[in-house]
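S.K.: Here you go, one structure.
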Amino acid sequence: MPELPEVETTCRGLAPHCIGRHLVTALVRNAQLRWPVPADLAQQVAGQAILSLTRRAKYLIVTLQRGTLILHLGMSGSLRIMDSNSPAGVHDHVDLVLDNGTCIRLRDPRRFGAVLWTQSDVLRHPLLENLGLEPLSDTFDAHYLHGCSRGRKVSIKTFLMDSHVVVGVGNIYANEALFHAGIRPTTPAGRLSRTRYARLTTAIRAILARAIEAGGSTLRDFVNSAGEAGYFQQQYMVYGRSGESCRVCAGSIKHMRQGQRSTFYCPHCQT
DNA sequence: CTTTTGACCTGACAGC
DNA sequence: TGCTGTCAGGTCAAAA
């Protein structure tokens, strides 16, 4: 489920329900996520106000008065505002219980997600300190990508998905952005011209921004309901369309694997 | 340093 | 109806 637009949508959807509220406790039903949920999480967060909810890469950062929660949705996680008395499903692993009878409930069937706690500068946390640029920031441009790709032999698609270069570009949007930029996913990153990186950065920004807008339409349903409709409403140009005809040239969309991930592209439109 | 591979975990689905 | 194998939106850690 979660690429950057979904995490951003989650962040915006949760914020009005929890900013300024106090956490009563944390209820951990299953601590075995990507990393163990801290055993003392409830004691750490109890009684503290939620000061802000922000996003860095695909991490959600919940700033409390005396520490910070770092949340990640992994491959299958979702966060929802629920009545704290509502029965938990098998994959509802953590509730952050608020002072108004609701909770932020983490559901994550595959348990690749994370709930971590830090009292240090969160941006210096080992998971966050070496992250690349935000794709929607002003500094993310052709000059940046061109510069850090010099000498790199990895394919442009693998390069795009490297979070030390740029964050938030997952498998779906890497495929889609390369189609929009007309770039073959297998091209070595170090061989692309600045001009082609300009097309690519424009494509990445446009696609992510559009996906976030689409996700925004689901925000009003964020409480007690599925907040995922916006995601599936996207009409993909290549992702998941192998064997189907290209929406631009009508040629056949091809499928291949790059580093255990599925790649889809149009051999005619992407060179 | 860069690049590749394995690992984590469950659920859905295709094919026998 | 089972069973087995493959695949899925992420990304760290270890090996090469």
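S.K.: Mind checking which residues of the range A:111-139 are more than 30 Å from A:Ala206 (Cβ to Cβ) and free of Cβ contacts under 8 Å to residues at least 60 places away in the same chain?
M.R.: A:Thr118, A:Gln119, A:Ser120, A:Asp121, A:Arg124, A:His125, A:Pro126, listed by residue number.
S.K.: Here's something else I'd like to know. Checking the structure you have, find out if any residue of the range A:168-175 is within 13 Å of DNA strand B (Cβ to nearest atom) and loosely packed, with under 15 Cβ neighbours inside 10 Å.
M.R.: no
S.K.: Let me ask another. Is it the case that the range A:174-187 has a residue that's charged (D, E, K, R) and outside any helix (DSSP H, G or I)?
M.R.: Our first condition is that a residue be charged (D, E, K, R); within the range A:174-187, this holds for A:176, A:184.
Going one step further and asking which of them are outside any helix (DSSP H, G or I), we end up with A:184.
Yes, some residue in the range A:174-187 is charged (D, E, K, R) and outside any helix (DSSP H, G or I).
S.K.: Within the range A:129-167, how many residues are of a type in the set (Gly, Ala, Ser), surrounded by 18 or more Cβ atoms within 10 Å (Cβ to Cβ) and more than 10 Å from DNA strand B (Cβ to nearest atom)?
M.R.: Summing the residues that are of a type in the set (Gly, Ala, Ser), surrounded by 18 or more Cβ atoms within 10 Å (Cβ to Cβ) and more than 10 Å from DNA strand B (Cβ to nearest atom) in the range A:129-167 gives 2.
S.K.: Something else: Regarding the range A:34-50, can at least one residue be identified that is in a strand (DSSP E or B) and over 17 Å from A:Arg111 (Cβ atoms)? Can you show your working first?
M.R.: Kept after step one, since they are in a strand (DSSP E or B), are these residues of the range A:34-50: A:36, A:49-50.
Remaining after also requiring over 17 Å from A:Arg111 (Cβ atoms): A:49-50.
Looking through the range A:34-50, at least one residue is in a strand (DSSP E or B) and over 17 Å from A:Arg111 (Cβ atoms).
Computed from the coordinates by the stated procedures, all read-outs in this text should not be read as laboratory data. From a predicted model like this one, the values you see are computed outputs, not experimental measurements. Quick reminder, even Gly has a Cβ in these numbers, built from the backbone with ideal geometry, and neighbours come from all protein chains shown.
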